[in-house]
1. Sort out for me the helices (runs of 4 or more DSSP H) sitting completely within region 91-160 that have 2 or more residues that are under 21 Å from residue 186 (Cβ atoms).
2. What is the one condition in (1) without any contact (Cβ under 8 Å) to a residue 24 or more places away in the chain; (2) in a helix (DSSP H, G or I); (3) more than 16 Å from the chain's Cα centre (by Cα) that residue 175 does not satisfy?
3. Regarding region 85-96, can at least one residue be identified that is surrounded by fewer than 16 Cβ atoms within 10 Å (Cβ to Cβ) and without any contact (Cβ under 8 Å) to a residue 60 or more places away in the chain?
4. Would you kindly identify the helices (runs of 4 or more DSSP H) lying entirely within region 17-83 that contain at least 1 residues that are within 15 Å of the chain's Cα centre (by Cα)?
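The values are calculated or read from the model by the stated rules, or taken from the named source; none is laboratory data. Source: prediction; values computed, not measured. Cβ placement follows ideal geometry from the backbone for every residue including glycine, while neighbour counts extend to all protein chains displayed.
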Amino acid sequence: MDVPRLVDHDRRRAELGEAAIRIILREGLAGVTVRGVAAEAGWSTGSLRHYFSNQHALQAYVVQATADTLRRRVLPRAQRPRTGGSVVEQVATIVEEMLPLDDERREEYALWSAIVEWERLHPQEEGSVSWNDQRALHRQCIAALRGHEPVRDPGQATAPHPDAEVELWAALLHTFVDGLAAQLMNTPSQVSAGTAGHLLRSLLRAVPRPEQPAHHTEVESPPQG
């Protein structure tokens, strides 16, 4: 008697996610179609439709799989203990994990860009998850420079900081990093990794410390979204 073959559906979905990520790196999110992912994974389109009935469902799954992949790759590097050098240097090495300074981080930037594109096309009521995650990290970095204790609760890290200077400089750092990352990707001949590192550290050194007079104590939290 033939024994039915057991199918590991979670593993098959993971294989599809890996195939889609390869497509994103070649063609961007627009290349993630039922037909294209089936071909990349070596499946028939009929087999893939057993898991995803249409392109929207497929792309939604792929975006989540991509976000999970980025967290697995980036967070361990950003969260590793840093004890050497000044606080500015320690914070700079954390922020640099989000800059496309080498092949690995350029690949991660391409994946992040696909997530941002999906969120732009399908806005959520709570706003961009990737934007909120990045702002939380920038907020933590600025808070460290200002001498605040780190926030352990991830939910609290996405909330505005009670120190108005932290909110202001987190917004400035977030904007700066986005622009610097775009220049590193689009005009690498004008902005080298060394130049990026120098500019980043210059900005971080400008963050007012508690013992320095604060210049923007009445600034409101920047708008979300």
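1. 103-121, 129-145
2. (3)
3. Yes, there is a match, as at least one residue in region 85-96 is surrounded by fewer than 16 Cβ atoms within 10 Å (Cβ to Cβ) and without any contact (Cβ under 8 Å) to a residue 60 or more places away in the chain.
4. 55-79
This table checks each residue for (1) crowded, with 16+ Cβ neighbours inside 10 Å; (2) modelled with pLDDT under 95; (3) in the same structural domain as residue 16 (by TED's automatic domain parsing).
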| position | (1), (2), (3) |
| --- | --- |
| 58 | yes, yes, yes |
| 63 | yes, yes, yes |
| 101 | yes, no, no |
| 113 | yes, yes, no |
| 126 | no, yes, no |
| 136 | yes, yes, no |
| 141 | yes, yes, no |
| 144 | yes, yes, no |
| 162 | no, yes, no |
